[in-house]
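First the structure, in the form of structure tokens, and then the observations on it.
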Amino acid sequence: MPARGAKLSRMTIGIRRAGVEDARAIAQIHIASWRETYAQMMPAETLAALDALEWTERWRGYLSDDDPAAATFLALDETGDAAGFGYCRRQRSEKLLPLGFSGEITSLYLLRRVQRRGAGRRLLGAMAEHLLAQGLNSAGLWVFRDAAHARRFYEAHGATPTGVEGVWEIYGLVLADMAYGWRDLRPLAFSGGSSEAGA
């Protein structure tokens, strides 16, 4: 009999494009994943105080963006419930644009219960395909310098450090971050839907 983890890894993760009606669900996933992921990086009181209404409004704004390069995709578990998301858009960083990164992977978060089942890989693939369809052949992203797990994930999927670093100021915190990038999104997109390994 296979181990429980092995069985879960074969369960189907669905991917679909998100709309404005999904803002609340995305905000809830965003907050929950921050609390799961950043417990060692942010004060407990900061994470506990994250406001779902505020984040829902923020996501309504992102999802209402009329730039065709902006897109959000949901990862759905075997029951059809949203359990993760990825958000991409045209590159906006003044540090990464001159380096030739035309697209941006802005966010990718998964609830712990669906991690290591291929959802992260499939979200990356969906975002890469979307950016390529918009004529954006490369992409950069920012990741917290101390988030070793996230850095390992992106490195495992072909992203390389750009050498660009910065800080993100949020909720009174100053967190060091660093930029990764893909010079060519095609390999990421073309193999994006089939992997069941990894995040």
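FYI, it's all coordinate maths here, none of it is from the lab. All values reported here derive from a predicted model rather than from experimental measurement. So basically every Cβ, Gly included, is an ideal-geometry build from the backbone, and we count neighbours across all protein chains shown.
From the Kirkwood radius over Cα pairs of region 4-190, Stokes-Einstein at 37 °C and 0.692 mPa s returns a whole-number translational diffusion coefficient of 194 µm²/s. Counting 0.36 nm for each residue step from Arg60 to Arg113 and taking away their Cα separation leaves a gain of 16.6 nm.
List the GluC sites (Glu not before Pro) within region 32-83 that DSSP assigns to loop and that have no more than 10 neighbouring Cβ atoms inside 10 Å.
Numbers: sites: Glu36, Glu45, Glu54, Glu57, Glu78; in loops: Glu78.
Of the GluC sites (Glu not before Pro), not one in the loops of region 32-83 has a Cβ with at most 10 other Cβ atoms within 10 Å.
Shown for His130, His149: other C-beta atoms within 10 Å of each C-beta, ranked fewest to most, produce the order His149, His130.
From least to most packed, judged by other beta carbons within 10 angstrom and beginning with the fewest, Phe190, Phe85 follow the order Phe190, Phe85. Label-to-label distance for Arg35 and Glu94 is 3.7 nm, based on points extended 7 Å past Cα in the beta-carbon direction.
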